[in-house]
Amino acid sequence: VLSYVVGLVWFLALAFQPLAPRTYMSENAMGSTMVEEQFLFGERALSYAREFAGHKKKVGGMPVAWLEKTMWSLGLEVHRQPFARPLPFPDETRERYVWLCQALPRYGPGSTRAVPGSAGAGTGLCWDCAGLCWGWYRYRPGTATPLPSGQIYWAKDIIFLVNEHDLLGMEAWLEAYHDVNLTEVQSSGLLGRAGAIQAAVSLELSSDVVTSIDVAVEGLNGQLPNLDLLNLFHAFCQKNGLLCTIQGKLPRPEGDSLPAYAHSLQTLLLMVLAQASGRPRGDHGLFLRYRIEAITLRGINSFRQYKYDMTTLGKTLEGMFRKLNNLLERLHQSYFFYLLPSLSRFVSIGLYMPAFGFLILVLILKISFWGGGRPGGGTLPLLFPSLCTPPPGPPLTPVSPQEPRPGLLALVPPLVVCHAAGLALYYLPVLGQHVATQHFPVSESEAVVLTVIAIYVAGMALPHNTHRALAGGSSDRGWMTLKLLALLYLALLLGCLALLNFSLGFLLAATMVPAAAAVTPNGPKVLLASLLVMATPAVTLLLAIFLQRELLEAPAGAGEGWQLFLAALAEGLLQHHLYGSFLFPFLALGAHPCWLLLWNVLCWK
């Protein structure tokens, strides 16, 4: 109990200012010296955005021809990449195949470094990018060198990428650019390339009025970009007086007051929840798996007291790109594992991992000092009695000399049943969607989600007494051995997960560890069953949804929370099948079978 409480208190203390040092630039090539930005074409960027919106409305979709024509007129080398991606379970109104139009300019032959900027074509952003391109570069077709309006310091190619269908389009382009096929995207090869990509900035502007810029760092499977890239953005925002936020939270004056701590804790918890979801919070999230440092910048139009024009935003982006232009190698000096209570402070891995360690220590202590019904005895005499001399004194529970001792064979039935349930949870929802839609009036996505819920709940009703068919399987030593195996399984599972995604590992440890340590077939059944049900990953997901809405100051009712829960299940499956997110397979093939083993211990007879 003490170890668990210390772990939670340690985590909550991370938002205190003494434990969160100020951010600083580690990369020498992006030192403290600033550049003199020369971007003065904000109005031109807005005019392109309005013109793009008009053509988009006119054609009722993406104005591909107009995009190509306009970009060619700006001197950019433009290419289109068509692609198709079958969706595993589309809705009745959702297309099974989607297509991409992308633009790829290249400056100078033989380049080996590139810095791309991407734009969601569903917003006016793409032509903000085109306006920036016009202000920064002027490329003359047929010549070997760019003509950068009197600026000759550019050493890297810059790619302006306009993609449709959000992450699907971005993944198709990245796979084609790196000549790999990770997600079964069918696409044509790229005609234009610009060498190894070092960094990327994704822009999302939904309005021509920008009151602040919110930065998103969480990528696929909880990956984070190098902290120096975030520090670079923050530095230029401060230089140009641009209000920047993270997790949608306005910066507050720093101090040791309780309101300042509460604000930092809210921001920290929002990042933990976002990272634990494993879902990319922007197009940048897919770049990280290719070892490309990237962030997403979103223009926000909500805080009316602050308003900035496109010239200010353009200068900020120009300054960032000019700093990235100085890089001679990939960003590696700063942290890759961190938590952010604010944009100006961070918590490194050396500070937040002890919180997780104290939670896992509960399982280790339970395994190490588990007496198993003998005073002063350990687990080893129970499992391997022939190797140890019984401790002096009578056992607390009399054991008949004729009672057979459980072997490892007694653990096979519950292990097989629990992992079979996990395999069914992983494969059957998508494979059986067509059967469900033929017999029930539901769409394909609804059939998948309802099948997941049905298999998940049915796992608790599986035959949990198969061990009684084996000699010695129904003895107390049988459930003790099974619980020991479940505790080892859970400790290894959470320990490995925390190295890949700390936030997800911590949330699962905070909910599953108390139930795993307390479960026993001899205690109060109703209380232990309730505790174990509350510790299931599905309930953890539901509670996390309500917590996130509370932190965003938009609390959800029971009905809305349930709808968000169903949407999160469908999104989790889509993220796995489309982009390779490991959250769903981890829960289905790892956490759920482990939880079922604990349920077996509770139902032991």
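Does the stretch 1-48 hold any residues that are open to solvent by less than 90 Å² (accessible area, probe 1.4 Å) and in contact with a strand residue (DSSP E or B) (Cβ under 8 Å, 6 or more places away or on another chain), and which are they?
LEU14, ALA15, GLN17, LEU19, ALA20, PRO21, THR23
Rundown of residues vs (1) in contact (Cβ under 8 Å) with a residue 60 or more places away in the chain; (2) acidic (Asp, Glu); (3) at positive phi; (4) not in a helix (DSSP H, G or I), yes/no style:
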{"position": "GLU553", "(1), (2), (3), (4)": "no, yes, yes, yes"}
{"position": "ALA556", "(1), (2), (3), (4)": "no, no, no, yes"}
{"position": "PHE565", "(1), (2), (3), (4)": "no, no, no, no"}
{"position": "LEU569", "(1), (2), (3), (4)": "yes, no, no, no"}
{"position": "LEU578", "(1), (2), (3), (4)": "yes, no, no, no"}
{"position": "PRO585", "(1), (2), (3), (4)": "yes, no, no, no"}
{"position": "CYS594", "(1), (2), (3), (4)": "yes, no, no, no"}
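Mind listing whichever residues of the stretch 162-188 are in a strand (DSSP E or B) and touching a Ser or Thr at 6+ places or on another chain (Cβ under 9 Å)?
Answer for the stretch 162-188, where residues must be in a strand (DSSP E or B) and touching a Ser or Thr at 6+ places or on another chain (Cβ under 9 Å): VAL162, ASN163.
What are the pairs, 6+ residues apart or on separate chains, where a residue within the stretch 490-517 that is of a type in the set (Phe, Trp, Tyr) has its Cβ under 6 Å from a residue that is assigned to a helix (DSSP H, G or I) and open to solvent by less than 20 Å² (accessible area, probe 1.4 Å)?
PHE506/PHE356
Search the stretch 201-221 for residues being part of a loop (DSSP other than H, G, I, E, B) and open to solvent by less than 10 Å² (accessible area, probe 1.4 Å), and hand back the single one that is farthest from ASN301 (Cα to Cα). Before you say what the answer is, go through the steps one by one.
Taking the stretch 201-221 and keeping what is part of a loop (DSSP other than H, G, I, E, B), we get 206-209, 211, 217-219.
Subset that is open to solvent by less than 10 Å² (accessible area, probe 1.4 Å): 211, 217-219.
Working: THR211: 5, VAL217: 20, GLU218: 22, GLY219: 24 Å.
For the stretch 201-221, the residue satisfying everything is GLY219.
For every residue, the table says whether it meets (1) under 24 Å from ALA20 (Cβ atoms); (2) hydrophobic (A, V, I, L, M, F, W, C); (3) crowded, with 18+ Cβ neighbours inside 10 Å; (4) assigned by the TED database to the domain that holds LEU327.
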| position | (1), (2), (3), (4) |
| --- | --- |
| SER257 | yes, no, no, yes |
| LEU268 | yes, yes, yes, yes |
| GLN275 | yes, no, yes, yes |
| HIS284 | yes, no, yes, yes |
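For the stretch 596-605, give me each residue that is assigned to a helix (DSSP H, G or I) and open to solvent by 10 Å² or more (accessible area, probe 1.4 Å).
Step one: list which residues in the stretch 596-605 are assigned to a helix (DSSP H, G or I), which gives 596-602.
The one that is assigned to a helix (DSSP H, G or I) and open to solvent by 10 Å² or more (accessible area, probe 1.4 Å): TRP599.
Starting from the stretch 531-550, keep only residues that are over 16 Å from LEU597 (Cβ atoms), then list their pairs with residues that are open to solvent by less than 70 Å² (accessible area, probe 1.4 Å) and among the β-branched types (Val, Ile, Thr) whose Cβ atoms are within a distance under 6 Å, requiring at least 6 positions of separation or different chains.
THR540/THR511
Inside the stretch 335-362, can you point out the residues that are open to solvent by 10 Å² or more (accessible area, probe 1.4 Å) and either touching a Gly at 6+ places or on another chain (Cβ under 9 Å) or in a loop (DSSP other than H, G, I, E, B) (or both)?
Passing the criteria: TYR335, PHE336, PHE337, LEU343, SER344, PRO354, PHE356, GLY357, PHE358, ILE360, LEU361, VAL362.
Within the group LEU191, LEU224, which residue is open to solvent by 10 Å² or more (accessible area, probe 1.4 Å), in contact with a strand residue (DSSP E or B) (Cβ under 8 Å, 6 or more places away or on another chain), more than 25 Å from GLN305 (Cβ to Cβ) and assigned to a loop (DSSP other than H, G, I, E, B)? Can you show your working first?
Working: LEU191 fails: in contact with a strand residue (DSSP E or B) (Cβ under 8 Å, 6 or more places away or on another chain).
Unique residue meeting the criteria: LEU224.
When you scan the stretch 62-85, do you find a residue that is assigned to a helix (DSSP H, G or I), among the charged types (D, E, K, R) and at pLDDT below 90, even just one? Full working, then the answer.
Filtering the stretch 62-85 down to residues assigned to a helix (DSSP H, G or I) leaves 64-73.
Within this subset, residues satisfying the condition of being among the charged types (D, E, K, R) are 68-69.
Next cut, at pLDDT below 90 only: 68-69.
So far as the stretch 62-85 goes, yes, one or more of its residues are assigned to a helix (DSSP H, G or I), among the charged types (D, E, K, R) and at pLDDT below 90.
Output the number of the condition that LEU243 fails; it satisfies all remaining conditions of (1) at pLDDT 90 or above; (2) closer than 29 Å to ASN28 by Cα; (3) surrounded by fewer than 24 Cβ atoms within 10 Å (Cβ to Cβ).
Just one mismatch for LEU243, condition (1).
The values are calculated or read from the model by the stated rules, or taken from the named source; none is laboratory data. Please read all numbers here as calculations on a predicted model, not as lab measurements. Please note: Cβ atoms are built from the backbone with ideal geometry, for glycine as well, and neighbour counts cover all protein chains shown. Just the protein is used for accessible areas: all its heavy atoms, side chains included, with ligands, DNA and RNA removed. Shrake-Rupley method; radii C 1.70, N 1.55, O 1.52, S 1.80 Å.
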